[in-house]
1. Choose one answer from GLY163, GLY269, GLY78: the residue with the largest mean-square fluctuation in a GNM of the chain with alpha-carbon springs under 10 Å.
2. With a 10 Å Cβ neighbour count serving as the proxy for reagent exposure, in which order, fewest first, do MET335, MET106, MET231 appear?
3. What ratio of Cα Rg to 2.2 N^0.38 Å holds for region 202-308?
4. Using all C-alpha to C-alpha distances in region 227-372, build P(r) with 10 Å bins and read off the rounded percent in each one.
5. What percent does the relative contact order of the chain come to when contacts are Cα pairs within less than 8 Å and at least six residues apart?
6. Return the loop-located chymotrypsin sites (Phe, Trp or Tyr not before Pro) in region 133-212 (DSSP other than H, G, I, E, B) with at most 14 other Cβ atoms within 10 Å of their own Cβ; answer none if there are none.
7. Quote the Stokes-Einstein diffusion coefficient, in whole µm² s⁻¹, for region 272-324, based on the Kirkwood radius over alpha carbon pairs, a temperature of 20 °C and a viscosity of 1.002 mPa s.
8. Give the residue from VAL42, LEU139, PRO235 lying farthest towards the positive end of the charge dipole for the chain; charges sit on Cβ (+1 for Lys and Arg, -1 for Asp and Glu) and the dipole is referred to the Cα centre.
Amino acid sequence: MSDLLDPAALDAALEAVHHAGMPGLFAEVRDGDEVWRGAAGVADTATGRPVTADMRHRVGSITKTFTAAAVLQQAEAGRIGLDTPIGHYLPELVPGERGRAITVRMLVNHTSGLAEYLPYAYPSLKAFPALAETRPESLDDHRFTRFDHAALIGMGLAAPAAGTPGGAPGVYSNTNYLLLTRLLEEVTGTTADRYITRNVIERAGLTDTGFPSGPHIEGPHSLHYEAWFGMIDPPRDYSVFDMSWVGPAAALVSTVADLNRFFGLLLAGEIVSLASLARMQHTVPVITQEGKRGDYGLGLYPMEEPGKDRFWGHGGTVWGAGTLAMIRADGRRRMAVAVNLQRWNTLDPSGTPLPHPIDDALAAFHRLAMYG
């Protein structure tokens, strides 16, 4: 093993996250041909069943990188123009001036100005992320709800605009990516999940990655514990959940090994061309769902510390599950980590999440995994 890939240090850092309050987590770190995999904690708090590094996991918005890659493939084939208005392709869904002003590129990099549909699909979440005003009841109400994507898109279009098309900063919104899935269906003649499966997932040789066919996760997996900022106490398992509420915006199930393989191939130019990859890595300022400002490209965003190498990748959360996958710009160093508890912070009276020991421990693991 190289000095940068220290198994004992990685094991200890993973255990520290568990001891800080995370029920279970697992990860894979790669440095060239060297591989470390580790797991700490439990997949089921009632039985004590341990997590293992090969478990399948809902990876949330990491799905957006797969969807963006599919859109870039179609752009390479000349079937989609990144700077073509979305109304050209979907005039009934996005009619009028909005359809003429919003381009495909604006959807992929979240500068469309379209609002998030989530608070309208889950009314108890209200103005998420105005956390002090939210309640988690809708999670149970909609555990088995089969949402219609056109209806969800309509909710986002009907909501007050989050900004102007092409304006900066953009605002992260799942409405953008549901529109991209409809665009893929329009130009490919098949469903977005089938196209992504054939042309992204299978092309990358990912054997443990796929869109769920129902509310259950197939294969060995952890339970997914949602705390909703202390409002669900003890945290409740939401691993059984119909993911039609996000579809190809955030529904994928994968493993940490598959995620590292995917991002390695993506940065090597084997999923999209290197020219398309450069477009994916061109960033604009975007406000995240947590209300923070960051940089976002076409389904990718960067992470870096001052004076250290830049990494590219994506994170994702769903009810009870979180994942982060990052790869160094040269493609050599890769890190993917999955956790089975979400929204562990409690809130102060203003609705701001309070610091929790998990935050520092998880950040320390990320730094060790990425930089050694």
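1. In the Gaussian network model the winner is GLY78.
2. Arranged by neighbour count, lowest to highest, MET335, MET106, MET231 become MET231, MET106, MET335.
3. Normalised by 2.2 N^0.38 Å, the Cα Rg of region 202-308 equals 1.31.
4. Per 10 Å bin, starting at zero, the Cα-Cα P(r) for region 227-372 comes out as 10, 35, 38, 15, 2 percent.
5. It comes to 25 percent, rounded to a whole number.
6. PHE144
7. For the chosen part, D equals 172 µm²/s.
8. LEU139
The numbers here are math on the coordinates, done by the rules we state, and not lab data. Here the structure is a predicted model, which is why all the values come from computation and not from measurement. Cβ: placed from backbone, ideal geometry, glycine included. Neighbour counts: every protein chain shown.
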